[in-house]
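S.K.: Pasting a structure below so you can have a look.
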Amino acid sequence: MFLGLYDDLTYRQENDAEFALKNASEKAEGVTRMREELDEHLAKVAETLKGAVTANEATKVHGSVAREIEAHRKAADGKGDKEFAQYLAGRLRRLTALKDERIAALTEEKAS
């Protein structure tokens with residue numbers, strides 16, 4: 001049934017504003033959830049790197065997560081989200097440092 005509401009400019013403006021706010025809220029919640037899930041994943045990877053048994057294991061685990069982080073960082077740069085891109089770059093540096101520390105420890109153990 002057509003009530004003619006879409007002919008009313010004020011109704012359309014109110015409707016657009018209401019749904020714009022609702023959509024922005026849902027998008028923000030989705031982004032927050034995605035970032036939290038990524039943080040949890042990176043924390044698990046950090047624990048895996050700390051417990052790596054061989055240098056090859058540490059290198060392979062780091063390589064796969066580094067590609068994933070870099071893809072997220074490039075996407076954030078593309079969207080203009082510099083803060084998140086810098087955050088991801090920092091997390092990648094930290095994981096690289098963990099990998100290097102673990103490889104050094106494993107090499108030292110092997111040499112002893």
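S.K.: Using a simple charge model, +1 on the beta-carbon of Lys and Arg, -1 on the beta-carbon of Asp and Glu, nothing else, what dipole does the chain show about its Cα centre, in debye to the nearest 20?
M.R.: With only Lys, Arg, Asp and Glu charged at Cβ, the dipole is about 680 debye.
S.K.: Please go through the residue pairs Lys74/Lys110; Lys79/Lys99; Lys27/Lys99; Lys50/Lys110; Lys27/Lys60 and name each one whose alpha carbons sit more than 28 Å apart in this structure.
M.R.: Lys74/Lys110; Lys79/Lys99; Lys27/Lys99; Lys27/Lys60
S.K.: Now a separate question. Counting only C-alpha contacts under 8 Å and six or more residues apart, can you give the relative contact order of the chain as a whole percent?
M.R.: 25
S.K.: Rounded to the nearest 500 deg cm²/dmol, what is the calculated helix-only ellipticity per residue at 222 nm for the chain, with -39500 (n - 2.57) per DSSP H run of length n ≥ 4?
M.R.: Calculated from helices alone, the mean residue ellipticity at 222 nm is -31500 deg cm²/dmol.
S.K.: I've got another one for you. Could you please state, rounded to a whole Å, how far the C-alpha centre of the stretch 71-112 is from the C-alpha centre of the stretch 27-57?
M.R.: 11
S.K.: While we're here: In what sequence do Leu88, Leu106 fall when counting other Cβ within 10 Å, fewest first?
M.R.: Leu106, Leu88
S.K.: Evaluate the distance, in nm, between pseudo-label points positioned 7 Å from the Cα of Glu29 and of Glu47 along their respective Cα→Cβ axes.
M.R.: Between Glu29 and Glu47, the simple spin-label model gives 2.8 nm.
S.K.: If you work out Cα extents along the principal axes in Å from the coordinates, which of (i) 84, 25, 15; (ii) 62, 22, 18; (iii) 34, 25, 23 do you get?
M.R.: (i)
S.K.: For a quick check: sort Phe84, Phe19 by the number of other beta carbons within 10 angstrom, fewest at the front.
M.R.: Final ranking by Cβ density, sparse to dense: Phe19, Phe84.
Just so you know, all these numbers are worked out from the coordinates, no wet-lab data involved. Note that the coordinates shown come from a computational prediction; the quantities given were computed from them, not determined experimentally. Positions of Cβ are generated from backbone atoms using ideal geometry, with glycine treated the same way; all protein chains shown enter the neighbour counts.
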